[in-house]
Amino acid sequence: MTKRALVTGVTGQDGSYLTEFLLDKGYEVHGIIRRTTSFKNEWLDEIIDNQRYKDKPFFLHYGDMTDAQGLIRVMRKIKPTEVYNLGAQSHVRMSFDIPEYTGDVTGLGNLRLLDAILETGTETRFYQASSSEMFGKVQEIPQRETTPFYPRSPYACAKLFAYWSTVNYREAYHMHASNGILFNHESPRRGEAFVTRKITRALARILSGKQKELSLGNLDAKRDWGFAKDYVEAMWLMLQAPQPDDYVIATGETHSVKEFLTQAFELVGRDWEEYVKIDPNNFRRTEVDILIGDATKAREKLGWKPKCSFKELVYLMVREDLKREGLNPEKYMKGT
Ligand code: NAP
Ligand code: G4F
């Protein structure tokens with residue numbers, strides 16, 4: 001039987017890596033894209049232009065997490081065997097500016113998709129992109145599946161609604177629906193407004209003379225940062241498990257924003273303190289001070305573990321942004 005996956009959020013960091021992962025596994029992949037004024041998406045273009053995926057079955061459909069009928073139509077047309085719900089307004093700081101919209105897309109959007117599965121009677125397995133942001137003001141260190149949630153932003157509240165909707169549909173309708181509680185994961189495809197990519201991109205632009213300074217907020221916040229390519233494998237593993245369940249996916253290490261900065265700037269022999277300016281606009285009203293996850297359950301039940309270390313992650317992000325800026329990494333980076 002053809003394995004047919006439907007991916008929402010296909011233009012994003014995780015959606016694009018998951019698409020490549022599934023195509024390599026022989027899946028037919030269908031992505032939902034929004035109608036926007038721009039037809040260009042860098043990561044989708046990378047897939048479409050890549051010879052490796054040239055003849056692979058990859059299809060795009062217009063849809064939106066705010067449009068229930070559209071989701072039903074796509075579900076009816078594709079009849080996926082696996083659904084990965086990655087579509088979201090995913091920026092935490094921005095969710096304070098657009099809380100209702102964030103709730104609609106990130107929270108209700110998941111419910112609409114679950115309902116579209118029910119409404120169309122689609123026999124499918126379902127993955128919800130839940131987030132470590134739900135632990136917020138952490139009640140336990142490290143955080144695991146049993147740690148109580150304490151959301152600290154409209155984004156985290158929306159993700160909590162989606163998390164519990166997924167659990168509820170699993171229990172009420174016996175759906176194979178799982179939550180991946182993913183801790184921060186980054187890559188050269190990370191959105192430019194997230195702190196890691198903001199740093200590596202700015203560093204490359206500073207070196208090429210296009211940028212003089214880098215405006216940041218809270219440098220003491222600590223995150224459990226992994227590599228996105230490792231994390232999309234965990235999503236897939238959850239849907240191959242005989243029983244649906246909820247899993248923490250994390251590296252088990254935590255690092256501050258300051259440590260990320262130091263690591264990145266040291267790679268090119270610069271001192272970040274000469275460039276960074278602190279801007280209050282980059283702070284959150286309620287911050288998540290520290291995240292560190294315990295992925296023992298995923299290791300034991302799914303056989304998943306992260307492969308890329310923190311140092312390797314910073315290295316590959318800096319290297320890629322230098323290349324995009326037209327700079328030769330061998331010339332600028334130590335140890336290449
Ligand atoms: P991302 O790069 O910001 O991608 C978000 C995706 O959602 C984009 O494809 C975006 O499409 C799409 N989207 C936004 N609004 C939509 C709407 N109204 N209807 C349909 N699609 C919409 O996010 P990511 O880092 O890949 O993360 C993927 C998912 O995992 C998200 O749900 C995120 O909240 C969650 N998550 C991420 C992390 C992390 O550290 N990366 C950790 C835990 C959970 P456009 O291109 O059209 O904007
Ligand atoms: O990179 P961030 O914006 O990621 P954040 O808020 O942790 O959220 C990301 O990870 C979540 C998983 O835990 C996902 F669910 C979510 O969708 C998203 O992918 O910020 C990381 C830290 C924060 O503490 C923030 O206050 O960096 C701090 N920070 C300091 N200066 C900054 C900045 N963050 C951003 N975006 N921009 C700054 O200038």
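The values are calculated or read from the model by the stated rules, or taken from the named source; none is laboratory data. What you see is a predicted model, and the numbers here were worked out from it, not measured in a lab. All Cβ positions, even for glycine, are placed from backbone atoms using ideal geometry, and neighbour counts span all protein chains on display. Surface areas here come from the heavy atoms of the whole protein model, side chains and all, with no ligands, DNA or RNA. Shrake-Rupley method; radii C 1.70, N 1.55, O 1.52, S 1.80 Å.
Sorted largest first by accessible area at a 1.4 angstrom probe radius, with every protein chain in place, the residues Arg270, Arg190, Arg93 fall in the order Arg270, Arg93, Arg190. Taking amide H as placed 1.01 Å from N in the peptide plane, Ala129 has its amide H under 5 Å from the amide H of Asn85, each at least 5 places away in sequence or on another chain. Straight Cα distances below 17 angstrom link Lys331 to the aspartates and glutamates Glu266, Glu320, Asp321, with same-chain residues fewer than 8 positions distant left out.
Quick check for you: with a 1.4 Å probe and neighbouring chains kept, what is the accessible area per residue of the chain, in Å²? Working shown, then result.
Details: 15370 Å² over 336 residues.
Spelled out: the 1.4 Å probe surface of the chain, per residue, equals 46 Å².
The translational diffusion coefficient of the chain, from Stokes-Einstein at 25 °C and 0.890 mPa s with a Kirkwood hydrodynamic radius over alpha carbon pairs, comes to 119 µm²/s. In this structure, the amide hydrogen of Ala221, modeled 1.01 Å from its nitrogen in the peptide plane, lies closer than 5 angstrom to those of Val257, counting only residues at least 5 positions away or on a different chain. Taking the chain as the reference, fit the longest principal axis to its C-alpha atoms, fit the long axis of helix 68-78 to the helix C-alpha atoms, and give the angle between the two in degrees, 0 to 90, nearest 10. Once rounded, the angle reads 80 degrees. Ignoring ligands, DNA and RNA, what percent of the accessible area of segment 136-195 is carbon or sulfur (1.4 Å)? Solvent-exposed carbon and sulfur of segment 136-195 make up 55 percent of the total. Divide the volume of the convex hull around the Cα atoms of segment 216-270 by the residue count and you get 103 Å³ per residue.
Of His185, His174, the order by accessible heavy-atom surface (1.4 Å probe, DNA, RNA and ligands excluded), from most exposed downward, is His174, His185.
Applying 1/(1 + (r/R0)^6) with r as the Cβ-Cβ distance of Asp115 and Trp164 and R0 = 25 angstrom yields a FRET efficiency of 0.95. For segment 15-93, the residue among Trp43, Pro80, Ser90 whose Cα projects farthest onto the positive side of the dipole built from Cβ charges is Pro80. Given their separation in residues at 0.36 nm each and the Cα-Cα distance between them, Lys212 and Ala172 gain 8.9 nm when the chain is fully extended.
What 222 nm value per residue comes from the helices of the chain, counting each DSSP H run with n ≥ 4 as -39,500 (n - 2.57) and dividing by all residues, nearest 500 deg cm²/dmol?
On the way: 13 runs with 134 residues, N = 336.
That comes out to -12000 deg cm²/dmol.
Projecting the Cα atoms of Trp164, Phe183, Ala202 onto the charge dipole of segment 159-202, computed from C-beta unit charges around the Cα centre, puts Ala202 farthest toward the positive end.
Distance between the 7 Å Cα→Cβ label points at Glu192 and Arg73: 3.3 nm. Using only side-chain charges placed at the Cβ, +1 for Lys and Arg and -1 for Asp and Glu, the dipole size of the chain relative to its Cα centre rounds to 560 debye. Its relative contact order, with pairs defined as Cα atoms under 8 Å and 6+ residues apart, puts the chain at 17 percent.
By the rule of a C-alpha distance below 18 Å, with chain neighbours fewer than 8 residues away ignored, the aspartates and glutamates paired with Lys301 are Glu145, Asp230, Glu233, Asp245, Asp246. In segment 238-327 the Cα-Cα distances spread across 10 Å bins starting at 0 as 13, 31, 31, 19, 6, 0 percent of all pairs.
Sorted by accessible area (1.4 Å probe), largest first, how do Cys308, Cys157 line up?
Working: Cys308 20, Cys157 70 Å².
Of Cys308, Cys157, the descending order of accessible area is Cys157, Cys308.
With contacts taken as Cα pairs under 8 Å at a separation of at least 6 residues, segment 165-254 carries a relative contact order of 41 percent.
On full extension, the segment bounded by Lys307 and Ile141 gains 57.5 nm, given 0.36 nm per residue less the C-alpha separation. Taken along the Cα-to-beta-carbon direction at a fixed 7 Å, the label points for Thr262 and Tyr101 span 3.8 nm.
Each of the peptides 104-114, 67-77 was scored by the mean count of other Cβ atoms within 10 Å over its residues; in descending order, highest first, they stand as 104-114, 67-77.
Once you keep just the Cα pairs under 8 angstrom separated by 6 or more residues, what percentage relative contact order results for segment 209-336?
Working: 155 pairs, mean separation 47.9, N = 128.
It rounds to 37 percent for segment 209-336.
Sorted largest first, the principal axis extents computed over the alpha-carbon atoms of segment 30-83 equal 35, 29, 13 Å. For segment 213-227, backbone nitrogen atoms closer than 19 Å to the point 7 Å from Asn281 Cα along Cα-to-C-beta are found at 213-219.
Take Glu320: with every protein chain present and a 1.4 Å probe, its accessible area is about 60 Å². Computed with every protein chain present, the accessible area of Glu119 is close to 120 Å² [probe 1.4 Å].
Suppose we keep just the DSSP beta bridges with both residues in segment 163-296; what percent of those would be antiparallel, to 5?
Restricted to segment 163-296, the bridges split so that about 15 percent are antiparallel.
Annotation: segment 107-195 has a Kirkwood hydrodynamic radius of 14.2 angstrom, from the mean reciprocal C-alpha pair distance. Length gained on full extension, Lys331 to Leu60, computed as 0.36 nm times the residue gap minus the Cα-Cα distance: 93.6 nm.
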